[in-house]
Amino acid sequence: MLELQHLSRSYRGIPAIRDVNFRVAPGEIVGFLGPNGAGKSTTVKIITGLLRPNEGRVLFEGRDIHADLPAWRATFGYIPEEAHLYTWMSAMEYLQLVGRLRGMRERLIVEKADALLRLLGLESWRYSPMTVYSKGMRQRVLMAAALLHDPKMLVLDEPLSGLDVLSARLFRDLLHELASAGKAVLYISHVLEIVEQVCDRVIVIAEGCVVADAAPSELTQLTQLPSLERVFAQLVRQQDTRAAAKEMVEAMRIA
């Protein structure tokens, strides 16, 4: 189980997150939502060990991740929001690099990389340099890299970015299979419709604080709103987007 306990982090005295608490259990898909600047990225960086909190701690299976960061990083798979890859490499070369850095046996790396690239529709491209890949293809390489070492925990930051309809559908089915296999999944996304479909629970963060933690159906029931999108807008006090759009068009017409 992943557990965040009273996390706080400031930048130059300005708080980014304050007293953030939540859990992700094995077999659970938890959505993590919030507007831009709400504290999602800071929280994810703390979870992945890229940042230390000013206060609080992150536990996995009851142990502070900073007690042994290399062991923690060997436990989780991560798909970042931006597909930063060594694009002069082929997908196979990149997965071999990832596997070697994780201490996997060479034969196992090749066997698993071949299988994952085939299942992700990249078999015929596996020896081509990633400079010729589309954004969606690079996203699928990141997906393969995150799964290569059979992690216990997955942190997925906008994983559907750039994926076509078929790949996105495969990914949604994959999420359910991963949960069925006992993996803990933290799913960060702005696509609220997908979050509502795949997540067991939804955590909403706004202005650095957790403002909701419940199943999507419970949130809509409690607020008596018809969709997670409407609930989200109310929780984060989102501006009236239609009125804002109208004002923008009026601003364009100023002569």
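Throughout, read-outs are computed from the coordinates displayed, never taken from laboratory work. Predicted, not measured: the structure shown is a model, and the values here were computed from it. Cβ: placed from backbone, ideal geometry, glycine included. Neighbour counts: every protein chain shown.
Annotations for the structure displayed:
- Assigned charges on the beta-carbon of Lys, Arg, Asp, Glu; segment 86-149 dipole about Cα centre (debye): 140
- Nearest-ten-degree value, helix 91-101 long axis tilted from longest Cα axis of the chain: 90
- Between ILE254 and GLU177, the C-beta separation translates, for a Förster distance of 45 Å, into a calculated FRET efficiency of about 0.25.
- The chain: relative contact order as a whole-number percent, Cα under 8 Å and 6+ apart: 26
- Equivalent ellipsoid, segment 86-149 (semi-axes from 5 times Cα gyration tensor eigenvalues, Å): 18, 12, 10
- Taking the helices alone, the chain has a mean residue ellipticity at 222 nm of -12000 deg cm²/dmol, built from -39,500 (n - 2.57) per DSSP H run of at least 4 residues and averaged over all its residues.
- Among beta bridges that DSSP assigns inside the chain, antiparallel share in %, nearest 5: 55
- Among beta bridges that DSSP assigns inside segment 55-207, antiparallel share in %, nearest 5: 25
- With contacts taken as Cα pairs under 8 Å and at least 6 residues apart, segment 86-149 reaches a relative contact order of 48 percent.
- Mean Cα-pair separation over length for segment 134-207, i.e. relative contact order, pairs under 8 Å, 6 or more apart, %: 34
- For the chain, a crude dipole built from +1 on the beta carbon of Lys and Arg and -1 on the beta carbon of Asp and Glu, taken about the Cα centre, is about 540 debye to the nearest 20.
- Added length on full extension, which subtracts the Cα-Cα distance from 0.36 nm per residue, GLN5 to ASP164: 53.5 nm
- Our note on the geometry: Cα centres of segment 81-130 and segment 8-67, 29 Å apart.
- Per-selection Kirkwood Rh - segment 1-111 (Cα, Å, 1 d.p.): 16.0
- Residue list for segment 41-68, given a label point 7 angstrom along the Cα-to-Cβ vector of ARG23 and an amide N cut-off under 19 Å: 47, 56-65
- Matching label, semi-axes √(5λ) of the Cα gyration tensor in Å computed from the structure shown, candidates (i) 24, 22, 18; (ii) 27, 20, 18; (iii) 32, 24, 18: (iii)
- Nearest 10 degrees, 0 to 90: helix 106-119 Cα axis against the chain principal axis: 50
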